[in-house]
Structure formats: C-alpha cells, structure tokens
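Notes follow the structure.
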Amino acid sequence: MKLLEGKTAIITGAARGIGRAIATKYAEHGANVIITDLAVNDETQQFIAELTAMGVKAKAFASNAAVFNDCETLINDILLEFPQIDILVNNAGITRDNLLMRMTEQDWDAVLTVNLKSVFNMTKAIQKVMLKQRFGSIINMSSVVGIEGNAGQSNYAASKAGMIGFTKSIAAELGSRSIRCNAIAPGFIETEMTAKLPNEIREQWIKDIPLKRVGLPSDVADVAVFLGCDLSSYVTGQVVSVCGGMQL
Ligand code: NAI
C-alpha cells in the first residue's frame with residue numbers, strides 16, 4: 001500500500017544518511033520529493049534520477065537551511081514547480097562534539113545555527129503555504145541526546161532539546177489549521193555522522209541497546225513515513241524515539 005500517494009515533501013540535508021533514506025521511502029510510497037543540501041553534485045543528480053525512476057516527481061536544490069533568506073528563496077522557487085507542499089522534514093544537522101572546557105564559541109554557534117535556527121527558518125518559510133492550504137505535517141529530526149543530554153555534546157544536545165520545545169509550540173499554534181508538527185528522536189543510527197565515533201564507544205552502545213544493534217537510516221525513515229501520512233492524522237506535538245530501546 002502506498003501511504004503518501006499524491007503528497008509532496010521537502011526534506012532538508014537529504015543528499016545522504018537519514019535524509020536520503022527518508023527521500024527514498026517517501027518516493028516508494030508515492031510522494032513527490034524535493035531534497036535540499038549544501039551542494040547539488042553529480043551524485044545528488046544520480047539520486048534524483050533514481051527517485052524519478054520510481055514514478056514520482058523529484059528535484060534537488062542547493063540551499064543552506066541555516067540561512068534565513070535562503071529558505072525564503074527556496075520555498076518560493078519550489079512553489080513555481082510544486083503547487084502544494086504537504087510535508088516538511090527538517091533533517092539537516094551537524095555535530096561539533098567537545099567537552100565544554102574545549103568547546104569554542106564557533107562550535108556552539110555553528111551547531112545551534114545549523115540544527116536549531118534552520119528549523120525556525122524552514123518552518124517560518126513553509127507556514128504561509130501550509131496555512132493557506134489548511135493542512136501540513138512538519139517533522140523535526142531531534143535526537144535522544146536532546147531528551148537525555150550527553151557528555152561532550154552540550155551544543156548538540158541543546159540544539160536538539162530546543163527543537164523539541166519548538167515542535168510542541170508549533171503544534172499548539174498551528175493545530176487549529178490541521179497543521180501537525182512532531183519530532184523524531186533517533187538513537188544511534190549508522191551514517192557518516194556516526195562513522196566518526198571510536199570503535200569502543202560504538203561497541204559499548206550496542207551492548208547497552210536492548211535490541212542489540214545500531215539503527216539503520218531506513219528505521220528512522222519508516223517513522224517519518226508514519227508521521228508524514230494520514231495514519232498519524234491525530235498525532236501532533238509528540239516526540240517519537242527510534243532508538244532500539246536505548247532510551248526507555
Ligand atoms: P549526515 O551528516 O550523514 O547527513 C546530514 C546532511 O545534512 C548532509 O548531507 C549535510 O551536507 C547536510 N547539511 C549539513 N548542514 C546543512 C545545512 N546548513 N543546510 C542544508 N543541509 C545541510 O547526518 P545523519 O546521520 O544522516 O543525520 C541526519 C539528522 O539526524 C541530523 O539532524 C542529525 O542530528 C540527526 N540524528 C542523527 C543520528 C545518528 O545517529 N546518525 C542520531 C540522532 C539524530
């Protein structure tokens with residue numbers, strides 16, 4: 001069964017990792033897919049060709065989600081080709097991990113700007129479209145670290161916790177117009193972002209995860225399908241953890 005037939009979704013930071021997996025699953029479920037990332041290269045265009053071959057409309061835009069005006073321009077450009085936008089997935093994110101004593105102001109600002117301000121930028125730009133349509137689903141990619149904190153990730157945890165506060169506030173503000181806003185809190189997901197982690201930490205994490213494996217981008221994408229489609233039409237303001245039970 002195709003759960004997203006006739007819908008159009010924007011996914012930020014989707015050239016690779018979790019965003020790419022969401023774009024793939026969305027296309028498999030019949031959605032038109034717009035992906036953004038800092039740059040659009042040959043590999044991205046190849047990915048767009050793969051999505052299009054699934055029978056949906058797909059397009060990639062180079063756009064920096066951390067820059068307010070870029071997001072406004074992006075949405076206006078998208079509207080020229082896609083008249084309706086049903087789903088926004090705020091997925092773009094970075095890490096600059098360090099203990100507080102070694103964390104620089106630049107590390108703090110970069111993570112807060114890319115992870116949190118981008119969510120404001122994109123949601124603000126899309127809200128006029130969704131208000132006019134009187135429907136929409138916004139999905140923010142938080143993290144279990146935004147709920148529990150993590151030593152060495154105070155900037156990242158603060159940005160991801162901020163996303164949860166933002167998600168709940170937007171759910172309260174826009175619910176009366178049938179616009180839903182939820183967050184996903186992934187645990188340890190196998191992507192280039194987590195490939196930087198030392199092996200000992202990785203092994204320890206797997207030991208501590210009740211399901212005894214790392215998560216795959218497709219595990220997160222499945223939940224993004226649920227939150228994007230009408231099966232979740234009475235779900236808003238929630239944080240869904242996808243972490244193999246890492247956080248109970
Ligand atoms: P990744 O590093 O593999 O992919 C992130 C993508 O975002 C890259 O393609 C990058 O170019 C893009 N990006 C970075 N800054 C951007 C900007 N300013 N504007 C547009 N695009 C930008 O990361 P991954 O693992 O796929 O993570 C995706 C999201 O999931 C992030 O928000 C991350 O914080 C979150 N997450 C990941 C977890 C994991 O274990 N991998 C766990 C919890 C949350």
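Read-outs throughout are calculated quantities, based only on the coordinates presented, and are distinct from any laboratory measurement. Quantities reported herein were computed from a predicted structural model and do not represent experimental measurements. Using ideal geometry, Cβ is built from the backbone for each residue, glycine included, and neighbour counts are taken over all protein chains shown.
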Report, to the nearest 10°, how far helix 199-208 tilts away from the longest principal axis of the Cα atoms in the chain, using its own Cα long axis and a range of 0 to 90°.
80 degrees
Cleavage-rule hits, GluC sites (Glu not before Pro), the range 2-52, DSSP coil, Cβ neighbours within 10 Å at most 13:
Glu5
On C-alpha positions alone, give me the angle between the axis of helix 154-174 and the longest principal axis of the chain, in degrees, nearest 10.
30 degrees
Which of Ala53, Ala14, Ala157 moves the most in a Gaussian network model of the chain with Cα springs under 10 Å?
Ala53
Any chance you could run the full-extension gain for Asp208 through Ser178? It's 0.36 nm times the residue separation minus the Cα-Cα distance, nm to one decimal.
6.9 nm
For a Förster distance of 30 Å, can you work out the FRET efficiency between the beta-carbons of Ala195 and Ala53, rounded to the nearest 0.05?
0.60
For helix 42-52, what angle does its Cα long axis make with the longest principal axis of the chain, in degrees from 0 to 90 and rounded to 10?
50 degrees
Which loop-located chymotrypsin sites (Phe, Trp or Tyr not before Pro) does the range 161-236 contain, where loop means any DSSP state but H, G, I, E or B and the Cβ has at most 11 other Cβ atoms within 10 Å?
Tyr234
Distance in Å, no decimals, from the C-alpha centre of the range 73-102 to the one of the range 158-206 is 13 Å
Computed about the Cα centre, the charge dipole of the chain from +1 Lys/Arg and -1 Asp/Glu charges at the Cβ has a magnitude in debye, to the nearest 20, of 580 debye
Spin-label model distance (nm) - Glu72 vs Glu5, 7 Å beyond Cα toward Cβ:
4.0 nm
Within a 10 angstrom radius of the beta carbon, how do Met103, Met163 rank from fewest other beta carbons to most?
Met103, Met163
Which of Met101, Met193, Met122, Met130 has the fewest other C-beta atoms within 10 Å, and how do the rest follow up to the most?
Met101, Met193, Met130, Met122
Looking at the range 16-115, which trypsin sites (Lys or Arg not before Pro) are in a loop (DSSP not H, G, I, E or B) and have at most 13 other Cβ atoms within 10 Å?
Arg102
Please work out the FRET efficiency for the pair Ser233 and Gln45, using the Cβ-Cβ distance as r and a Förster radius of 35 Å; give the result to the nearest 0.05.
0.50
Which of Thr52, Thr12 has the fewest other C-beta atoms within 10 Å, and how do the rest follow up to the most?
Thr52, Thr12
